[in-house]
Amino acid sequence: LGIEFIRSLIEKSVDGILFMSSSMSIEMVEEAVNNKIQAVVLDWGIPQVDGLATTIRINFEEGIHQAIKYLVELGHTRIAHVSGPLNLWTAQARRDIFLDALMDNELDPNQAMIYEGNLRIDGGRRAFDQLIHTSPRPTAVFTANDLTALGMVWAARNYGVNLPEQLSIIGLDNIELASEINPTLTTVALPRNEIGKLAMQLLLDDIENPDKQADRCHEVSTQLCIRESTTYPMAE
């Protein structure tokens, strides 16, 4: 999907467009706005969108800081991160928030173990293959999304690593499967229903009031959801 898809929607005389993908470009939003199409954007970090369209920002800082603070309170000091592809702004942002959270909890971010994943289950498996051969091995890991965490859970099972006793895992998203696997997944919950409802409400409001200034920014919080995949580190 790209700007040609946006042009096809314009040709269909749509009243508004929700931009909810991290792979969107500012040019796509500009094309809609320049053609008098109302736009609401889930802001994945494109600074030029400010003032151009109504935006929704996800406060990842809150939930990620809660996650790292929780691990430190449990006694973890070797905490790794499996990121998304680092050519994505979202992956860079979550990694940077993770590093800031380490520093806030008096851990050295320069010593942090970062494994680059792909936001998919197979990326989690590959990251675990690297982690298991790291010395000293991390006792906890925060992943960029739940699919990565699920891959690590299943890879740990194949290696005979007991979770969470030998490795605590925290994901991000709170997908439905997170509460169904064994152990159930501790995760930073992203309120998708709230985001979808808010986005639709904002778009309908913009369509009904097209002359208002389209520079509103709304923030949605994330929260740590504690389940069974985290516990105290094993004594060494």
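Quantify, in whole percent, the carbon and sulfur part of the accessible surface of the chain (1.4 Å probe; protein heavy atoms only). Accessible surface attributable to carbon and sulfur in the chain totals 48 percent.
When log10 I(q)/I(0) by the Debye sum over Cα atoms at q = 0.09, 0.14 Å⁻¹ is computed from the coordinates, the matching label among (1) -0.43, -0.87; (2) -0.36, -0.92; (3) -0.31, -0.82 is (1).
Using the Cβ-Cβ distance between Glu165 and Asn35 with R0 set to 45 Å, the FRET efficiency works out to roughly 0.20. Toward the positive end of the charge dipole of the chain, with +1 on the Cβ of Lys and Arg and -1 on the Cβ of Asp and Glu, the farthest Cα among Ala155, Ile226, Ser168 is that of Ala155. In this calculation the C-beta distance from Asp205 to Glu61 is compared with R0 = 45 Å, giving a FRET efficiency of 0.95. Rounded to whole numbers, the Karplus 3J(HN,Hα) couplings from phi for the stretch 52-62 are 8, 8, 5, 10, 10, 10, 8, 7, 6, 4, 4 Hz, using 6.51 cos²θ - 1.76 cosθ + 1.60 with θ = phi - 60°, and x at Gly and Pro. Per residue, the average separation of C-alpha pairs within less than 8 Å and at least 6 apart gives the chain a relative contact order of 23 percent.
Separation of the stretch 128-164 and the stretch 47-89, taken as the distance between their Cα centroids, equals 19 angstrom. Once the Cα-Cα distance is subtracted from the 0.36 nm per residue extended length, the Leu18 to Thr77 segment shows a gain of 17.1 nm.
When Lys and Arg each count +1 and Asp and Glu each count -1, what net charge do the other residues less than 10 Å away from Leu163, Cβ to Cβ, add up to?
Charge balance near Leu163 sits at -1.
How much of the pair distance distribution for the stretch 115-214 lies past 24 Å, counting alpha-carbon pairs only, in percent? So the portion of pairs separated by more than 24 Å is 35 percent. Given +1 at the Cβ of Lys and Arg, -1 at the Cβ of Asp and Glu and no other charges, the dipole of the stretch 97-184 around its Cα centre is 420 debye to the nearest 20. Based on protein heavy atoms only, the stretch 47-170 ends up with 43 Å² per residue of surface accessible to a 1.4 Å probe. With a Förster radius of 45 Å applied to the beta-carbon distance between Gln223 and Glu11, the computed FRET efficiency rounds to 0.60. What spacing in nm lies between the two simple spin-label points modelled at Thr134 and Asn158, each 7 Å away from Cα in the Cβ direction? That separation, rounded to one decimal, is 1.9 nm.
Scaling the Cα radius of gyration of the stretch 17-124 by the globular reference 2.2 N^0.38 Å produces a ratio of 1.30. With K and R counted +1 and D and E -1, the other residues having a Cβ less than 15 Å from that of Leu185 yield a net charge of -3. Working note: 222 nm ellipticity from helices only, DSSP H runs with n ≥ 4, each -39,500 (n - 2.57), summed and divided by the residues of the chain, gives -12000 deg cm²/dmol to the nearest 500. Distance between the pseudo-spin-label points of Leu198 and Ile181 (7 Å out from Cα toward the beta carbon): 2.7 nm.
Segment Gln92..Lys69, full-extension length gain: 6.3 nm, with 0.36 nm per residue of separation and the alpha-carbon distance subtracted.
Over all other residues within a Cβ to Cβ distance under 13 Å of Thr222, the charged ones net out to -3, with Lys and Arg as +1 and Asp and Glu as -1.
The values are calculated or read from the model by the stated rules, or taken from the named source; none is laboratory data. Source: prediction; values computed, not measured. Reconstructed Cβ throughout: ideal geometry from the backbone, glycine too, with neighbour counts over all protein chains shown. Ligands, DNA and RNA are stripped out before the accessible areas are found, and what is left, the full protein with its side chains, is counted by its heavy atoms. Shrake-Rupley method; radii C 1.70, N 1.55, O 1.52, S 1.80 Å.
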